[in-house]
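Computed from the coordinates by the stated procedures, all read-outs in this text should not be read as laboratory data. Keep in mind the model is a prediction, meaning the values are calculated, not measured. Virtual Cβ from ideal backbone geometry, glycine too; neighbours counted across all protein chains shown.
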Amino acid sequence: MGKSIYKLFAVSPPGLESFTQKELEALGIRGEMVKGGLDFKGGLEELYKANLFLRTATRILLRVAIFKATTFKELVERVSRYPWEIYIRPDVPVKFRVTSRRSKLYHTKAIEERIIRGIMQRVKFEPLIAETEEEGESVIVKVERDKFTISVNSSGAMLYKRGYKKLVGEAPLRENMAASMLLAAEWDKSMPLVDPFCGSGTICIEAALMCKNIPPGAFREFAFEKWRIHDPQLWEKIKEEALSNIRECKVAVEGFDISKKAIEMARENALRANVQDCTNFAQGSFPRLPFKEAFVVTNPPYGIRISTAKTQEVYRNLGRWIRENFSRAKIAILSPMKKFVETTELPLEKVTSFSHGGIRVGLYVGEILKI
Ligand SMILES: C[S@@+](CC[C@H](N)C(=O)[O-])C[C@H]1O[C@@H](n2cnc3c(N)ncnc32)[C@H](O)[C@@H]1O
């Protein structure tokens, strides 16, 4: 039997696609970047690797059907032609997510009903409907100018849900965003890593996972494990090989926060992520450190709960602390306000921006080197 090649799509938050592209390239996969992700082709091996290894993507979709339809009758007929039995099982609930733009068929609930009808004609059973995507399978339908693109979500729960973060702080950073910050800072484990506003520890934990070469998907399940085409032997082989490449992290990864509760959460999260051996979390604000060279990757307070003046003071202190404590620092800062970042008086450049929890944040990177 020939190996099937699928049309796949790695979804990444708009603004972070270039990081996902670099990660795909590192896996030997060529992707074509579009807004919101990357199109790529591959068999099960590529699908499994993308799910297991991509730190910056949110999910991996498999394109099942692409066609044009302008009537409901046509829609049901076209949908019924595809092999849904591969992905949809009578015992696994399915969540449908439909969006339609500039199309004759625009009523999303009616589109969903007809798609379910088309699927039923093919599989000869009525799919169970899920309330959330976490529950099982999800089918994502995008209609644009009458063109239907119907995909199944091979990941299940979003890929940034690695499985280690049970406890979260007030403004927790998503894991894939933390990973993007580390890629932007070019975190190469050549110097210690410090996050002076670590909160629940996301940046430090992601840094330690990278340092130890622990795949981000090592702790979780994926929707494709329930597909009829799933190849458990191949999947186990890929996972085993990845786990055999885990190594020690020899460099310090340190997180600090003014809040005692945040530090407790960070420690518990690190324990669950299996990086307690190389991370160190301590309560404190701008501590003295025993090293002079570091990566400083951080997500300072946004200033939503405290005044602008106080927030600017925090940024000013951050800039001063970096300049006074390090002879060399590679820096990445995530912030919603350019004027806060300017207060640091650090040589930073905005490399991208993206939406985080409904807030537009900029990612600023730079380096200081005292000779
Ligand atoms: C935006 S949150 C960081 C979230 C974090 N990246 C995470 O993954 O949970 C900012 C953190 O800065 C801490 N903080 C605020 N002012 C501080 C200060 N002066 N020194 C140290 N930490 C501070 C807050 O307690 C909060 O946890």
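When cysteine pairs in the chain are screened for C-beta atoms closer than 4.7 angstrom, the residues that find no partner are CYS198, CYS204. Comparing Cα centroids, the stretch 294-367 and the stretch 174-228 end up 20 angstrom apart.
Out of the DSSP beta bridges found with both residues in the stretch 141-291, what percent are antiparallel (nearest 5)? If I count the DSSP bridges inside the stretch 141-291, around 35 percent turn out antiparallel. Dipole check for the chain: with +1 at the C-beta of Lys and Arg, -1 at the C-beta of Asp and Glu, and the Cα centre as origin, the magnitude is about 920 Debye. Computed on the Cα atoms alone, the convex hull of the stretch 6-153 gives a volume of 108 cubic angstrom per residue.
The stretch between THR70 and GLU248 holds 58.4 nm of extra length on full extension. This uses 0.36 nm per residue minus the Cα-Cα distance. Each label was represented as a point 7 Å from its Cα along the Cα-to-Cβ direction; for GLU240 and ALA309 these points are 6.5 nm apart. List the pairs from LYS35/LYS165; LYS3/LYS49; LYS22/LYS189; LYS292/LYS350 whose alpha-carbon separation is above 21 Å, in the order I gave them. Where the Cα-Cα span goes over 21 Å, the pairs concerned are LYS35/LYS165; LYS292/LYS350.
Within the chain, DSSP assigns beta bridges of which about 65% are antiparallel (rounded to the nearest 5). Checking every one of the trypsin sites (Lys or Arg not before Pro) in the stretch 339-371 against DSSP loop status and a limit of 16 other Cβ atoms within 10 Å picks out LYS370. What is the antiparallel percent of DSSP beta bridges lying wholly in the stretch 6-153, to the nearest 5? Roughly 75 percent of the beta bridges in the stretch 6-153 run antiparallel, per DSSP.
Taking the charge dipole of the chain about its Cα centre, with +1 at Lys and Arg Cβ atoms and -1 at Asp and Glu Cβ atoms, the residue from GLY319, ALA208, MET33 reaching farthest to the positive side is MET33.
Please go through the residue pairs LYS41/LYS161; LYS124/LYS161; LYS239/LYS370; LYS212/LYS339 and name each one whose alpha carbons sit more than 32 Å apart in this structure. Table pairs above 32 Å Cα-Cα are LYS124/LYS161; LYS239/LYS370; LYS212/LYS339.
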